[in-house]
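Each remark here refers to the structure printed beneath this line.
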Amino acid sequence: MLTVSPIVIVGAGQAGYWATHTLRKQGYGGRIVLVGNEPHAPYERPPLSKQVLKGEAEPPSTWLATPDKLSELEAEFLPGRTAIALDRQGRHVELHDGTRIGYDRLLLTTGARPRRLSIPSQSDAAVFYLRDIADSLALRERLATARHVIVIGGGLIGLEVAAAATARSCAVTVIEAADRLMSRVVGPEISAHFAELHRARGTEILSGRMPERIEAGGRGCRICFRDGDSCDGDLAVVGIGVIPNAELAAAAGLKVENGLWVDEFCRTDDPSIWAAGDVTNHFNPLLGRRLRLETWQNAQNQAIAAARNMVSDPQSYAEIPWGWSDQLGVNLQLLGVPKSFEQAVTRGFPASGSFTVFYMEGDKIAGVNAVNAPKDIAVARRLMAGNMAVDLLRLRDPAVPLRSLLA
């Protein structure tokens with residue numbers, strides 16, 4: 001290798017892997033050290049709440065690269081190692097075992113962790129969180145014998161867990177503090193549609209409810225509410241969002257506010273340090289505002305952009321945010337981050353099982369929720385990227401080819 005001080009990547013998940021891959025693709029020939037706090041090779045997380053949890057796939061199917069593949073990339077992979085300190089002046093990272101790694105450039109891809117319930121919970125209550133391979137396998141084992149599963153949190157992860165439990169013939173209760181499901185990422189029309197889908201499969205949905213405490217009563221856990229009501233289940237799964245792992249950066253004096261701040265080139269306020277993935281709060285030039293995203297697309301593509309910018313002329317990372325969820329055999333795709341769900345245009349018919357809701361700002365598309373309608377997403381992405389004005393009547397009419405609006 002050519003340099004004594006390498007490029008160091010802290011975080012060996014999806015973002016860390018794609019950064020490593022991109023550095024070599026860009027022709028970087030120096031040392032790359034990839035530090036990961038899990039014992040596994042880099043892997044993708046979306047299957048953990050879907051195929052792996054349902055027993056349709058095993059963890060190796062999620063791997064992005066085997067250790068041998070990382071060796072082919074000539075990356076020094078350090079699994080099971082946690083970075084505990086960052087010395088910006090001395091340019092080194094300290095690991096939990098006392099190892100100090102000097103760096104010329106540093107990329108932080110430290111991801112996020114599940115947000116924990118801030119209510120009293122007895123230590124022997126059967127409460128699970130889902131983030132990594134170990135979480136998915138532990139929960140899968142319990143689902144094999146569970147009769148009643150309680151899901152706290154009606155967001156994407158919570159509903160995917162509910163769908164997996166339903167597929168394993170479990171009774172399911174979903175408890176959501178907001179007045180509707182997935183309220184942070186979809187509009188009321190989509191919330192209502194998915195509530196109906198889950199209820200049709202026997203799921204009980206308790207909206208506008210927040211547990212007061214969790215006890216180890218009943219068959220495994222008891223969820224207690226302020227009004228004295230309670231709900232018993234074999235286990236509870238909590239999915240109430242994530243917290244960016246930005247403590248390492250904050251302790252080193254980097255700007256952290258709802259994530260580690262980076263500019264449109266993925267650079268922090270230290271010119272030697274970049275960041276990518278779930279940990280970042282980044283400026284999106286297409287939307288003209290800052291975002292913190294928790295998507296597969298962002299973890300991969302922002303890491304690619306960051307790695308490219310570390311070794312070549314910087315280019316803006318500017319993409320329309322996109323994500324998806326699979327529940328009960330239904331595909332939901334999300335495009336954009338609308339400021340409001342108030343101005344909605346529905347194309348197609350929910351009863352048909354395939355429809356799209358466009359969220360508008362005037363005559364421009366600001367966001368899209370598509371149910372079993374991937375072709376609508378492809379065209380909408382082009383309309384949004386071009387900031388094109390659209391005729392709302394034509395947009396609403398399924399007899400009008402959506403592609404015709406590109407003209």
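In the chain, with Lys and Arg counted as +1 and Asp and Glu as -1 at Cβ, which of these residues, Ala250, Leu73, Leu34, has the Cα nearest the positive end of the dipole, that is, farthest along it?
So the residue furthest toward the plus end is Leu73.
Any chance you could run the full-extension gain for Arg100 through Arg88? It's 0.36 nm times the residue separation minus the Cα-Cα distance, nm to one decimal.
Details: separation 12, 0.36 × 12 = 4.32 nm, distance 1.26 nm.
Extra length from Arg100 to Arg88 when fully extended: 3.1 nm.
Just the number, please: Stokes-Einstein D of the stretch 7-80 in µm²/s, Kirkwood Rh from C-alpha pairs, 4 °C, 1.567 mPa s.
102
With an 8 Å cut-off on Cα pairs and a minimum separation of 6 or more residues, tell me the relative contact order of the chain in percent.
14
So, R0 is 56 Å and r is the distance between the beta-carbons of Arg140 and Asp269; what FRET efficiency does that work out to, to 0.05?
Calculated transfer efficiency: 0.85.
Calculate for the chain the 222 nm mean residue ellipticity that helices alone would give, adding -39,500 (n - 2.57) per DSSP H run of length 4 or more and normalising by residue count, nearest 500 deg cm²/dmol.
Using -39500 (n - 2.57) per qualifying helix, the result is -7000 deg cm²/dmol.
Once you sort the root eigenvalues of the Cα gyration tensor of the stretch 181-248 as a ≥ b ≥ c, which label holds: rounded (a/c under 1.5), prolate (a/b larger than b/c) or oblate (the other case)?
oblate
Let me cross-check Ser340: its accessible surface, 1.4 Å probe, with only protein heavy atoms counted, in Å² to the nearest 10?
Spelled out: Ser340, probe radius 1.4 Å, area about 50 Å².
Quick one: accessible surface of Phe283, probe radius 1.4 Å, all protein chains present, in square angstrom to the nearest 10.
70
Note down the magnitude of the dipole of the chain about its Cα centre, charges +1 on Lys and Arg C-beta and -1 on Asp and Glu C-beta and zero elsewhere, to the nearest 20 debye.
480
Roughly how big is the stretch 87-189's charge dipole about its Cα centre, with Cβ charges of +1 (Lys, Arg) and -1 (Asp, Glu), in debye to the nearest 20? Before the final figure, lay out each step's value.
On the way: 14 positive and 12 negative charges, 14 e Å.
Here the stretch 87-189 has a charge dipole of around 60 debye.
Heavy atoms only, probe 1.4 Å: what % of the accessible area of the chain goes to carbon and sulfur, would you let me know?
On the way: 8630 of 17570 Å².
Its accessible area is 49 percent carbon and sulfur atoms.
Just want the answer: with Cβ charges of +1 for Lys and Arg and -1 for Asp and Glu, which residue in Leu235, Phe283, Gln300 is farthest toward the dipole's positive end in the stretch 210-305?
In the stretch 210-305, that residue is Phe283.
When all C-alpha to C-alpha distances in the stretch 294-407 are sorted into bins of 5 Å, what percent of pairs does each bin hold, rounded to whole numbers?
Whole-percent P(r) values from 0 Å outward: 2, 11, 20, 22, 17, 12, 8, 5, 2, 1, 0.
Give me the number: length gained by fully extending Ser61 to Lys255, i.e. 0.36 nm times residue separation minus the C-alpha to C-alpha distance, one decimal in nm. Each step should come with its number before you reach the end.
Working: separation 194, 0.36 × 194 = 69.84 nm, distance 3.65 nm.
Here the answer is 66.2 nm.
Which of the lysines could a cross-linker span from Lys364 if the Cα-Cα distance has to be under 26 Å and same-chain partners fewer than 8 positions apart are dropped?
Candidates past the 8-residue exclusion: Lys339, Lys375.
For the stretch 333-349, just list the computed ³J(HN,Hα) in residue order, Karplus coefficients 6.51, -1.76 and 1.60, θ = phi - 60°, integers in Hz, with x standing in for Gly and Pro.
Couplings: 10, 10, 10, x, 10, x, 6, 8, 9, 6, 9, 10, 10, 9, 10, x, 10 Hz.
Go through the stretch 239-248 residue by residue and turn each phi into a ³J(HN,Hα) via Karplus (6.51, -1.76, 1.60, θ = phi - 60°); whole Hz please, and just put x for glycine and proline.
x, 10, x, 10, 10, x, 7, 10, 5, 4
With r as the distance between the Cβ atoms of Gln343 and Arg290 and R0 = 30 Å, compute the FRET efficiency 1/(1 + (r/R0)^6) and round to 0.05.
0.85
May I ask you to derive the relative contact order of the stretch 102-252, considering only C-alpha pairs under 8 Å and at least 6 residues apart, and to give it as an integer percent?
35
Go through (i) 61, 61, 36; (ii) 66, 45, 42; (iii) 73, 43, 38 and flag the label whose value is the computed Cα extents along the principal axes in Å for this structure.
Of the listed options (i) 61, 61, 36; (ii) 66, 45, 42; (iii) 73, 43, 38, (i) comes from this structure.
The values are calculated or read from the model by the stated rules, or taken from the named source; none is laboratory data. These numbers come from a predicted model, not from an experiment. Note that each Cβ is placed from the backbone with ideal geometry, even for glycine, and that neighbours are counted across all protein chains shown. Keep in mind that these areas ignore ligands, DNA and RNA; they rest on the heavy atoms of the full protein, side chains included. Shrake-Rupley method; radii C 1.70, N 1.55, O 1.52, S 1.80 Å.
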